[in-house]
């Protein structure tokens, strides 16, 4: 039973989060106001009335590139949090490893910037 104790908090947090999620969805479905109109049921995109089918529209490749870059750099930052928490225990070697890792990220960011992926004015 002692082996489960470290994971008991995570389990309780997961159950509480799922319970909160289910409760909020059910409350929104059954308690929320329901007065649908033709205008409210229309698809709406940033203030512009949609024209045609989404399948017929072509999106700029930069939209997808910026999305992938966001995910990439976001994941890299997530890796830095646990490292920062135990940095004193890891010592100077881990600091230099993270600095080299961040240098690689900066080189990639500069490359992407120079290629114009982040420039939306074209």
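The values are calculated or read from the model by the stated rules, or taken from the named source; none is laboratory data. On a predicted model such as this, the values are computed, not experimentally measured, just so you know. For neighbour counting, all protein chains shown are included, and Cβ atoms are generated from backbone atoms with ideal geometry for every residue, glycine included.
Would you point out which residue out of 65, 105 is within 25 Å of the chain's Cα centre (by Cα) and either assigned to a loop (DSSP other than H, G, I, E, B) or in contact (Cβ under 8 Å) with a residue 40 or more places away in the chain (or both)? Talk me through it step by step, then tell me what you get.
Values: 105 fails: either assigned to a loop (DSSP other than H, G, I, E, B) or in contact (Cβ under 8 Å) with a residue 40 or more places away in the chain (or both).
Result of the check over 65, 105: 65.
Restricting the search to the stretch 34-78, which residues are at pLDDT 80 or above and over 25 Å from residue 121 (Cα atoms)?
Scanning the stretch 34-78 gives 34, 35, 36, 37, 38, 75, 76, 77, 78.
Which condition number does residue 9 fail, the rest of (1) surrounded by fewer than 10 Cβ atoms within 10 Å (Cβ to Cβ); (2) under 30 Å from residue 109 (Cα atoms); (3) at pLDDT 85 or above; (4) within 26 Å of the chain's Cα centre (by Cα) being met?
(2)
Does any residue of the stretch 73-87 turn out to be part of a loop (DSSP other than H, G, I, E, B), free of Cβ contacts under 8 Å to residues at least 60 places away in the same chain and more than 23 Å from the chain's Cα centre (by Cα)?
We begin by selecting, within the stretch 73-87, every residue part of a loop (DSSP other than H, G, I, E, B); these are 86.
Then drop every residue that is not free of Cβ contacts under 8 Å to residues at least 60 places away in the same chain, which leaves 86.
Those still in the list that are more than 23 Å from the chain's Cα centre (by Cα) too: 86.
Yes - at least one qualifying residue is present in the stretch 73-87.
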